[in-house]
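The values are calculated or read from the model by the stated rules, or taken from the named source; none is laboratory data. For clarity, every value in this text was computed on a predicted model and none was experimentally measured. Don't worry about glycine lacking a Cβ; one is built from the backbone with ideal geometry, like all the others, and counts go over all protein chains shown.
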Amino acid sequence: MNLKQMVGIEAASYVKDDMIVGLGTGSTAYYFIEELGRRVQEEELHIQGVPTSFASRKQAKALGIPVKTIDEVSYVDLVVDGADEISADFQGIKGGGAALLFEKIVASYAKQVIWIVDQSKLVTKLGRFPLPVEVVPYGEKQLFQLFEEKGYRPSFRLTADGELLVTDCQHHIIDLHLDVIEQPHALDEELNQLVGVVEHGLFLEMVQTVIIGQEDGVKTIV
Ligand code: 5RP
């Protein structure tokens, strides 16, 4: 069993009958959803899933997990999601899978947020992983230029075929190659104020539990 699978299965043990569960996106959340699907089928677990991407929605539906959108539920008990980086003070970068907008919305309304990662995602300070910024296409070149002027080393996210990546909400992503983010809260505020920025991948003060897959087993930090 690989580390991502280990943490996915561990996180699924937090899910109890009748919960409304946010379903994260990515190669680690994939294993969480698979295990939830197994429990729904084999243990008759009754839950409702709130997927954070079309991909997770498709996976959940194929496994027989009933799915709702965030607007069809009145609350979310917990969300389990992956992360691209987690700093020593529990702040995160997400959006490597381009699902940051739905992920942040679902996490914002969840009573509990759990991140599942392998040990490679733990860093002292954020920023080595390029910070995704989701933008509306209209005016995106102006934003790109602004980021260049600020020294943020932007690049448009492309697909494997070299096309501009389009998110589930028909936006584009500009990745900022910052190397290190000394003041995440200040950057969060700065990006939030830019017109045309829909959301960005800094997830600050959002997580309560991190489940880490290590060579010697699973470690949970609360
Ligand atoms: C998607 C995400 C993912 O959770 C993040 O990229 C981690 O993915 P993986 O588990 O595949 O490493 O934020 O937008």
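Among all residue pairs at least 6 apart or on different chains, which show Cβ distances below 9 Å where the first residue, located in segment 123-148, is under 30 Å from Ile212 (Cα atoms) and the second is of a type in the set (Phe, Trp, Tyr) and within 16 Å of the ligand (Cβ to nearest atom)?
Sorted first by the residue in segment 123-148, then by its partner, the pairs are Val123/Phe129.
Could you list all residues from segment 58-81 that are touching an Asp or Glu at 6+ places or on another chain (Cβ under 9 Å) and either loosely packed, with under 13 Cβ neighbours inside 10 Å or over 20 Å from Asp188 (Cβ atoms) (or both)?
If the condition is that a residue be touching an Asp or Glu at 6+ places or on another chain (Cβ under 9 Å) and either loosely packed, with under 13 Cβ neighbours inside 10 Å or over 20 Å from Asp188 (Cβ atoms) (or both), then Gln59, Leu63, Asp77 are the ones that fit.
Any residue in segment 96-122 that's without any contact (Cβ under 8 Å) to a residue 24 or more places away in the chain: show its pairings with residues that are assigned to a strand (DSSP E or B) and more than 12 Å from the ligand (Cβ to nearest atom) at Cβ separation under 9 Å, as long as the two are six or more apart or on different chains.
Hits for this filter: zero, empty list.
Hey, Ala98 hits all of (1) over 22 Å from Ile174 (Cα atoms); (2) in contact with a Leu (Cβ under 7 Å, 6 or more places away or on another chain) but one; which does it fall short on?
(1)
Looking at this structure, is Thr167 within 16 Å of the ligand (Cβ to nearest atom), surrounded by fewer than 21 Cβ atoms within 10 Å (Cβ to Cβ), β-branched (Val, Ile, Thr) and at pLDDT 95 or above?
For Thr167, the condition - within 16 Å of the ligand (Cβ to nearest atom), surrounded by fewer than 21 Cβ atoms within 10 Å (Cβ to Cβ), β-branched (Val, Ile, Thr) and at pLDDT 95 or above - is not met.
For Glu189, state whether it is surrounded by fewer than 20 Cβ atoms within 10 Å (Cβ to Cβ), within 22 Å of Ala88 (Cβ to Cβ) and without any contact (Cβ under 8 Å) to a residue 60 or more places away in the chain.
yes
What number of residues within segment 118-134 are part of a strand (DSSP E or B), of a type in the set (A, V, I, L, M) and buried (at least 23 other Cβ atoms within 10 Å of the Cβ)?
2
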